[in-house]
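*Asks:* Before I ask anything, here is the structure I am working with.
The values are calculated or read from the model by the stated rules, or taken from the named source; none is laboratory data. Only a predicted model underlies this, so the values are computations on that prediction, with no experimental measurement involved. Reconstructed Cβ throughout: ideal geometry from the backbone, glycine too, with neighbour counts over all protein chains shown. Each accessible area value is taken on the protein alone, full model and side chains, heavy atoms only, with ligands, DNA and RNA left out. Shrake-Rupley method; radii C 1.70, N 1.55, O 1.52, S 1.80 Å.
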Amino acid sequence: MSLEAAISILTRAVELDHLQSYSEALVCYQEGLALLMNVLKNTKDEATRMHYRDKMETYIERAEKLKKLVKEQKEQGTFHEKIHIKDGAIGYSYRRVFEKYLEGNVGKVVVEDPYIRNVHQIYNFLRFCELLVSCGTVRDIRLLTTKDEDPESQDNQAKRLQALKNSLKKHNITLDVEYSTTLHDREIRFSNGWTIKIGRGLDYFKPPSGKFCIGFCDFNLRECHETVIDIYLKKR
């Protein structure tokens with residue numbers, strides 16, 4: 001069972017490596033190698049042990065090269081990786097996707113997303129803001145979005161965002177909302193230099209099949225639409 005798990009995780013590491021999802025690939029290499037090491041310890045046949053050692057050396061060498069590559073790219077300000085979320089995939093909550101890029105005393109966050117208008121889209125933005133609150137260092141959030149075409153919907157949009165603004169103020173965070181008539185691209189920027197572009201913006205989760213279904217509250221268990229996340233580190 002451990003061997004099957006190790007093979008599965010290491011295969012996934014290679015796939016992520018090819019897709020330039022370097023951070024996730026490194027995690028999978030480390031997890032897979034740890035499992036393979038346990039298999040090696042419990043293997044008596046010397047030929048099989050040598051086979052596992054050779055495999056481990058290959059994966060360790062690639063993981064070390066990848067770690068060095070990521071470090072160099074970050075230092076040069078040229079780091080770029082992709083995360084490809086497949087249709088129906090789970091395990092991509094905002095915390096899972098964004099939290100590791102919030103290190104380094106992030107004080108300001110800019111969200112450019114034309115579709116923070118409908119109820120579920122504003123709830124998505126609320127959940128993202130909750131992550132920023134738990135970060136503990138964010139003090140300014142700037143949202144650039146578009147207004148709904150329907151006047152009544154515009155009013156509801158403004159009221160909901162104002163309510164969120166009031167709530168964030170209690171946590172010493174200022175929310176500044178601006179509207180654009182031409183905004184199309186979706187981008188999130190952290191003041192520590194990380195820029196994250198998501199094809200579908202924050203709205204990459206599928207609606208739950210019911211209010212009493214797993215994934216309704218925990219977005220890490222919610223199915224996703226297919227989308228690509230591009231992550232860049234730019235020198236400040």
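*Asks:* Determine, yes or no, whether D150 is within 26 Å of the chain's Cα centre (by Cα), charged (D, E, K, R) and modelled with pLDDT under 95.
*Replies:* In short, no.
*Asks:* Name the strands (runs of 3 or more DSSP E) wholly within region 49-153 that hold at least 3 residues that are without any contact (Cβ under 8 Å) to a residue 60 or more places away in the chain?
*Replies:* The qualifying strands (runs of 3 or more DSSP E) are 140-145.
*Asks:* Of the residues that make up region 197-210, is at least one in contact with an Asp or Glu (Cβ under 9 Å, 6 or more places away or on another chain), among the acidic types (D, E), in contact (Cβ under 8 Å) with a residue 60 or more places away in the chain and farther than 15 Å from F125 by Cα?
*Replies:* Checked region 197-210: no residue is in contact with an Asp or Glu (Cβ under 9 Å, 6 or more places away or on another chain), among the acidic types (D, E), in contact (Cβ under 8 Å) with a residue 60 or more places away in the chain and farther than 15 Å from F125 by Cα.
*Asks:* Sticking with this one: Does Y115 meet the test of being under 15 Å from I188 (Cβ atoms) and not hydrophobic (A, V, I, L, M, F, W, C)?
*Replies:* So Y115 passes the test.
*Asks:* Which condition does T195 not pass, out of (1) assigned to a loop (DSSP other than H, G, I, E, B); (2) open to solvent by less than 40 Å² (accessible area, probe 1.4 Å); (3) among the β-branched types (V, I, T), if it passes all the others?
*Replies:* The single condition T195 does not satisfy is (1).
*Asks:* Would you pick out the residues in region 1-46 that are of a type in the set (V, I, T) and within 30 Å of L233 (Cβ to Cβ)?
*Replies:* Within region 1-46, I9, T11, V14, V27 qualify.
*Asks:* Which ones in region 1-26 are free of Cβ contacts under 8 Å to residues at least 60 places away in the same chain, open to solvent by 70 Å² or more (accessible area, probe 1.4 Å) and either part of a helix (DSSP H, G or I) or within 22 Å of K100 (Cα to Cα) (or both)?
*Replies:* Those that are free of Cβ contacts under 8 Å to residues at least 60 places away in the same chain, open to solvent by 70 Å² or more (accessible area, probe 1.4 Å) and either part of a helix (DSSP H, G or I) or within 22 Å of K100 (Cα to Cα) (or both): E4, I7, S8, R12, E15, H18.
*Asks:* Taking R236 as meeting all but one of (1) at pLDDT 95 or above; (2) closer than 22 Å to R139 by Cβ; (3) basic (K, R), write down the number of the exception.
*Replies:* (1) is the only condition that R236 fails.
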